[in-house]
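One structure is given here, and the rest of the page talks about it.
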Amino acid sequence: MSTNSQLGNRKLIIGGFFCLIVIIYLCRLFYIQVIDKQYKLDAEKNAFRYMTEYPVRGYIYDRKGKLLVFNAPSYDLMVIPRETKGCDTMGVCDVLQITKQEYLKRIKKACQAPNSPRKESIFEKQMSAQTYATLQEKLYRFKGFFVQKRTVRRYPKPIAAHLLGYVGEISKEQAEKEAYYKEGDYIGITGLERSYEDVLRGKKGTQIAITDVHNKIIGRYMDGKYDTLAIAGKPLYCSIDRDLQEYGEKLMQGKKGAVVAIEPSTGEILCLISGPSYDPNLLVGGKERSRNFTKLFYDSLNRPLTNRALQGMYPPGSIFKLIDALIAQHDGLINRNTVFPCQMGYPPMGGKPKCHAHGGGKNLPGSISVSCNSYYSYVFREIVDQRKYPKFIDGYNHWRDMVKSFGPGTHLQTDLPYDKPGNVPSVEYYNKVFGKNGWRSNTIVSLGIGQAELLLVPLQMANVVAIIANRGYYYTPHSVKGVGIDKKLDKRFTEKHYAGVQDPTAYLNVIDGMQGAMEPGGTAYASRIKDVIVCGKTGTAQNPHGQSHAVFLAFAPRDNPKIAMACIVENAGFGGVTSAPIVSLMMEKYLKGKTDRLELEKRVMAADLIRGINVLGSGQH
């Protein structure tokens with residue numbers, strides 16, 4: 001082969017080699033620029049920062065438009081771990097007052113799933129104003145870090161913590177399930193904040209910011225042309241009366257228990273008090289919130305985080321006699337003039353359940369006004385032992401079904417979360433306890449006076465008295481009058497629900513007895529209100545763990561009732577002594593705008609039953 005031929009082949013090989021390199025380079029360039037988006041995204045992230053714009057959470061107002069919850073500015077320090085190379089690590093630690101080990105721990109967490117080194121995540125949440133100001137001056141030294149503006153809840157009055165609820169960081173598991181949220185977002189945890197989360201939260205927006213090499217934002221991309229605006233959450237117009245709620249919480253200081261007030265004509269909750277309570281501002285902020293929550297959570301003596309109004313299941317005591325009286329009249333077993341004997345107790349069972357001295361047998365209204373245990377032991381057995389039922393358990397199931405039609409033993413479907421149903425014991429339960437066919441009406445006769453395994457929550461107690469005030473029906477209790485500027489209300493809160501008893505005469509007889517309880521000789525005479533006809537019923541609920549609970553329910557005025565209330569104070573003895581004054585003062589405040597019984601008010605506020613200071617005395621059930 002000639003020299004020229006060899007030289008030509010060599011040129012072809014070298015030329016082909018270089019052509020191959022160029023082709024490979026062009027293919028790679030095409031892949032990077034057209035097919036693989038990652039490099040494009042990395043390039044954009046060097047200049048752009050996609051920032052979530054969090055919406056303003058909806059404000060909450062009371063029934064008169066007074067502010068209950070608003071928002072205050074807050075700032076989270078965000079980090080993108082991949083971009084922290086060259087960051088002044090010790091500078092970050094000094095500003096946040098954390099150790100380098102804590103810094104590295106947080107960076108490692110930010111790199112773990114569902115986060116990644118390329119994604120933003122919270123490094124320090126809800127910084128104080130002082131920390132934020134210090135940070136802003138030095139942020140140019142902290143590569144990979146930036147500040148995300150947020151808002152936190154604030155409360156102008158330290159009241160209604162259990163009803164309003166609180167906002168907290170969403171759990172990792174919940175964030176993975178719900179597309180709207182990401183880890184680090186905030187969500188309603190309890191109360192109205194939880195129930196109305198979807199309308200309060202609003203809708204997130206996105207801002208595209210342009211940054212320089214020093215991590216400083218120098219402007220908005222295309223003057224914000226591609227930004228999406230956040231949409232603020234809708235306001236809630238709550239049904240509670242702020243002044244009544246605040247006054248009731250003052251009366252309940254130093255006491256364990258609950259107070260619930262309902263407007264009978266609408267089912268709107270006028271106040272919902274659980275004591276002891278706490279200042280809702282304590283559960284706002286970052287480190288402070290965590291410390292406060294831990295302190296409240298581990299307060300085993302007071303259990304301030306427990307919403308006793310919805311979750312406290314108590315034996316109702318003598319207030320339950322009202323339901324028995326209505327059922328027995330409905331069944332045609334008693335009437336207004338029916339009298340049963342009382343010899344300081346129930347005679348057929350040797351004086352048990354016991355009763356106090358009230359001058360012998362009473363008729364139906366009289367049995368309510370003096371709260372006769374013997375009378376309602378007879379009434380209970382009359383109901384469950386009716387001859388029309390071939391089996392005893394059929395009579396018992398009839399009684400149970402009628403009781404449940406008034407709300408006990410059921411969820412009332414209120415708009416507040418975590419309510420408990422109470423307990424109306426079933427046949428199956430007693431069969432397990434006593435054996436099948438091993439129990440009769442006399443075995444469980446204390447159910448007739450609201451004892452034994454019977455349990456109600458305070459919201460149910462208030463709803464029972466609202467039913468009586470309405471003479472047989474109720475609206476589902478709810479704590480919001482309307483949502484948004486147009487104040488829309490769920491239709492289910494405008495539907496009437498009817499109790500199992502509809503006889504107007506039956507209600508009239510019971511109401512006469514309740515009015516008698518507030519008159520001379522009645523168990524709540526000391527708590528009458530001048531110029532207002534109040535219908536009430538006292539109760540003393542025996543407590544196997546200590547002193548009896550004091551219970552009282554009432555509505556007023558008698559005609560065209562404006563308010564129905566229930567109050568239970570734990571370990572406080574007789575309802576007429578402790579709970580009745582609280583309800584009476586609150587009713588007077590609500591109906592008249594003030595109270596003239598300043599001495600009674602002073603004594604109620606001074607009673608600290610948690611510390612054993614009782615200046616209210618003793619009395620009857």
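Since every read-out is calculated from the coordinates, none of them should be taken as a lab result. Bear in mind the structure is a predicted one, so any value in this text is a computation, not a measurement. So basically every Cβ, Gly included, is an ideal-geometry build from the backbone, and we count neighbours across all protein chains shown.
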Original post:
Share of antiparallel DSSP beta bridges in the range 49-236, in percent to the nearest 5?
Top reply: 95
**OP:** Compute the FRET efficiency between V427 and I21 as 1/(1 + (r/R0)^6), taking r as their Cβ-Cβ distance and R0 = 56 Å, and round to the nearest 0.05.
**Re:** 0.05
Subject >> Share of alpha-carbon pairs per 5 Å distance bin for the range 453-530, given as whole % >> reply: 3, 12, 16, 16, 18, 15, 9, 6, 3, 1, 0
**OP:** Would you mind checking the pairs K404/K488; K420/K491; K352/K436; K85/K182 and listing those with alpha carbons more than 27 angstrom apart?
**Re:** K404/K488
Original post:
Where does helix 242-251 land angle-wise versus the long Cα axis of the chain, in degrees 0 to 90, nearest 10?
Top reply: 60
Original post:
What's the center-to-center distance, using Cα atoms, between the range 46-91 and the range 280-335 in Å?
Top reply: 35
Subject >> Those residues of the range 127-149 whose amide nitrogen sits under 17 Å from the label point placed on D94, 7 Å along Cα→Cβ >> reply: 131-143
Subject >> Viscosity 0.890 mPa s, temperature 25 °C, Stokes-Einstein D of the chain from Kirkwood C-alpha radius, µm²/s >> reply: 86
Original post:
So what is the orientation-averaged projected area of the range 500-596, using the convex hull of its C-alpha atoms, in nm²?
Top reply: 7.1
Original post:
With labels modelled as points extended 7 Å from the Cα through the Cβ direction, what inter-label distance (nm, one decimal) is found for Y226 paired with N437?
Top reply: 8.2
Original post:
How big is the shadow of the Cα convex hull of the range 380-472, averaged over all directions, in nm²?
Top reply: 6.9
Subject >> Stokes-Einstein D in µm²/s, Kirkwood radius over Cα pairs - the range 49-236 at 4 °C with 1.567 mPa s viscosity >> reply: 72
**OP:** Could you tell me, in Å, what Rg and Dmax come out for the Cα atoms of the range 181-340?
**Re:** 25.2, 92
Subject >> Estimated distance in nm for a label pair at Q542 and T206, the labels positioned 7 Å out from Cα along Cα-to-Cβ >> reply: 6.7
Subject >> S290-E495 pseudo-label distance in nm [points 7 Å out on the Cα-to-Cβ vector] >> reply: 4.6
**OP:** Please give the length that would be gained between A72 and A526 if that part of the chain were fully extended, namely 0.36 nm times their separation in residues minus their C-alpha to C-alpha distance (nm, one decimal).
**Re:** 158.8 nm
Original post:
Over all directions, what mean area does the Cα convex hull of the range 256-386 project, stated in square nanometres?
Top reply: 11.9
Original post:
So what is the diffusion coefficient of the range 61-172 in µm² per second by Stokes-Einstein at 25 °C and 0.890 mPa s, using a Kirkwood Rh over Cα pairs?
Top reply: 154
